[in-house]
Amino acid sequence: MFVSTIVFLAALATEANPTTHVGHFEYRPDRIETGTVYHYVKSDLKGGNPARVVVFVATKSHIEVVKMEKDTNDFAYVTADFDWSTFSLSQITSWNLLPNGLYRRQAHMVFDEESHTIDIQLHGGSEQVRVEHYPFHIYNFDFLSLNYIFRHLTNPHTPFDIGIVDPTWEKQGPVMAYQGLVRIEYIGDEDYKGTPCRKYKVGGPGLNDEFGWIWVDRQHGHFVNVEHPWRDNPDWDSFKFELDSVEHMTLSEWHSFLDSEREALRKSLRR
């Protein structure tokens, strides 16, 4: 009986206290330039199945993302907000952006720091996922939330862990699950296609115990390239996420950009 009580109390302690490496970060709003637009190309490691991913920094804590794949009749459109106490997502919503300008919502996730859970609404159903480590990130979101917080590291040479919450890709059971820890470790400075970068090794249980690399712009702190053997989506067998260009837009210019992309999609579907 005594042993059972100890085990029960230990389980409760674990349930109430996720581990954390938030102390490795310090929010520095001056490192975030609103209106910045990052153009990335997502593919597998061999460059196959390329897709365009465009990220718009709308505010200091809000980004908007559109993903455009070939041979599709809509775009993936995602908005995400950040919680600077956990350096993680506070909420994320995904839509299908249709050629006629309509938005069809797919999923909505809200993080509750008090209960350490993410409330997920998807296709009329709902579920909860408990976070076991902070910061947590969604690999399936192309590591964009990790990308966005990287510029707030207090010491970019110190290893740190993140927790991974990701889709299960199972037909039955939970849609999302906490997958485990991932260690991010500075390897050294290395230019990537002429851009001075810091190179990091990234991997662990949260990424199927596989390891890859991230190149981070030394001056600005954003990802220049990611290469990892573990897929972040079943449509790819591995993951490469390479920066193509950076520009700046006003909010109205961003909306005009989306309109022009929808118009290009409409024309392609009429052919």
Strands (runs of 3 or more DSSP E) fully within segment 198-261 counting 1 or more residues that are basic (Lys, Arg): 239-248
Any hit, segment 181-190, residues being exposed (fewer than 12 other Cβ atoms within 10 Å of the Cβ), among the hydroxyl-bearing types (Ser, Thr, Tyr) and either touching a helix residue (DSSP H, G or I) at 6+ places or on another chain (Cβ under 8 Å) or touching a residue at least 12 places away in the same chain (Cβ under 8 Å) (or both): no
Breaking point among (1) modelled with pLDDT under 95; (2) surrounded by 20 or more Cβ atoms within 10 Å (Cβ to Cβ); (3) closer than 20 Å to residue 26 by Cα, for residue 145: (1)
Residue list for segment 232-245, filter: surrounded by 15 or more Cβ atoms within 10 Å (Cβ to Cβ) and at pLDDT 95 or above: 238, 239, 240, 241, 242, 243
Cβ pairs under 8 Å, 6+ apart, first in segment 44-56 and farther than 17 Å from residue 224 by Cβ and assigned to a strand (DSSP E or B), second among the polar types (S, T, N, Q) and modelled with pLDDT of 95 or more: 51/43; 56/36
Segment 64-80 residues that are under 18 Å from residue 100 (Cβ atoms), paired with ones that are polar (S, T, N, Q) (beta carbon under 8 Å, 6 or more apart): 74/96; 75/96; 76/94; 76/96; 77/94; 77/96
Residues located in segment 30-55, provided they are among the polar types (S, T, N, Q) and out of contact with any Phe, Trp or Tyr (no Cβ under 9 Å at 6 or more places or on another chain): 34
Residue 207 vs. criteria touching a residue at least 24 places away in the same chain (Cβ under 8 Å) and buried (at least 18 other Cβ atoms within 10 Å of the Cβ): yes
Answer from 230, 236, 215, 169 - the residue that is touching a Cys at 6+ places or on another chain (Cβ under 7 Å) and among the aromatic types (Phe, Trp, Tyr): 215
Residue that is surrounded by the fewest Cβ atoms within 10 Å (Cβ to Cβ), among those in segment 156-168 that are under 15 Å from residue 127 (Cα atoms), of a type outside the set (Asp, Glu) and in contact (Cβ under 8 Å) with a residue 24 or more places away in the chain: 167
Enumeration of residues in segment 57-79 that are at negative phi, at pLDDT below 90 and not in a strand (DSSP E or B): 70, 72, 73, 74
Near pairs, Cβ below 6 angstrom, 6+ apart or cross-chain, from segment 143-155 (within 14 Å of residue 61 (Cβ to Cβ)) to any residue that is aromatic (Phe, Trp, Tyr) and surrounded by 23 or more Cβ atoms within 10 Å (Cβ to Cβ): 149/87
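The values are calculated or read from the model by the stated rules, or taken from the named source; none is laboratory data. As the structure is a prediction and not an experimental result, all values here were calculated from the model. Here the Cβ is made from the backbone with ideal geometry for all residues, glycine too, and neighbour counts use every protein chain on show.
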